[in-house]
């Protein structure tokens with residue numbers, strides 16, 4: 001179980017982009033998922049605000065290719081967490097931090113990502129066993145918050161969500177975010193209503209490209225200040241990629 005959870009954490013971080021899916025009609029979920037996968041976004045968070053979310057997660061998890069990672073979002077209590085885990089969710093996200101929710105996910109060997117806002121709340125969730133911490137809402141914080149927080153607390157794996165756009169996606173990654181959570185900027189309700197799934201596909205490609213470019217820039221600075229800086233950056237990258245859930 002621990003090994004499985006560790007592998008999912010690595011996959012989430014490697015993917016870089018988590019699609020936060022909120023839909024008015026669950027019938028559109030498969031088309032949205034296909035468009036996201038075509039655009040290169042393979043981590044799909046189906047929120048509990050989608051009608052029939054639990055059964056939709058079960059159907060989607062069974063139908064999509066193994067490269068796709070289906071999880072549940074807006075999970076607020078332990079009972080719902082158990083339902084989505086039984087349905088096949090490989091990670092569970094909440095907009096808030098509930099210790100019991102973290103405990104249930106760890107008991108079941110599923111990745112947990114509680115939502116937190118303050119440094120104290122983030123550290124409390126991490127020490128309680130959260131595999132990743134959703135920084136939410138990130139809109140009013142900005143990428144500098146991630147950089148400042150990971151200065152004294154480099155062990156944290158942070159996923160900013162809320163206010164993440166194609167234009168600032170790279171800023172979050174360069175600041176030290178493990179990945180980004182993207183909602184309406186990726187799964188636009190207007191595009192869904194018009195059945196313009198090509199727009200969702202194109203948006204997905206844009207976010208994936210932004211994350212990849214930012215990571216390449218961090219790993220290989222265009223103008224390194226010297227060998228010591230390059231060694232330090234490489235060391236930080238290695239430590240981050242090899243970290244395991246506790």
Query raised in the report: If a residue has to be more than 18 Å from residue 111 (Cα to Cα) and within 15 Å of the chain's Cα centre (by Cα) to count, how many in segment 38-60 make the cut?
Result: 2
Requested in this report: Of the conditions (1) touching a helix residue (DSSP H, G or I) at 6+ places or on another chain (Cβ under 6 Å); (2) under 25 Å from residue 111 (Cβ atoms); (3) touching a residue at least 60 places away in the same chain (Cβ under 8 Å), residue 212 clears all except one; give me its number.
Outcome: (1)
**Report entry** segment 129-148, residues that are within 13 Å of residue 119 (Cα to Cα) and touching a helix residue (DSSP H, G or I) at 6+ places or on another chain (Cβ under 6 Å)
**Finding:** 133
Query raised in the report: Do any helices (runs of 4 or more DSSP H) entirely within segment 1-109 hold 3 or more residues that are in contact (Cβ under 8 Å) with a residue 40 or more places away in the chain, and if so, which?
Result: 2-15, 29-38
Requested in this report: Filter the helices (runs of 4 or more DSSP H) completely within segment 129-213 down to those with at least 1 residues that are crowded, with 20+ Cβ neighbours inside 10 Å and under 14 Å from the mean Cα position of the chain (by Cα).
Outcome: 169-174
**Report entry** Qualifying position, being within 20 Å of residue 211 (Cβ to Cβ) and buried (at least 18 other Cβ atoms within 10 Å of the Cβ), among 35, 53
**Finding:** 35
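Any read-out appearing in this document is the output of simple, stated calculations on the displayed coordinates, not a laboratory observation. What you are looking at is a predicted structure, and each value in this text was computed from that prediction instead of being measured. In this analysis, Cβ positions are derived from the backbone assuming ideal geometry, glycine residues included, and neighbour counts consider all displayed protein chains.
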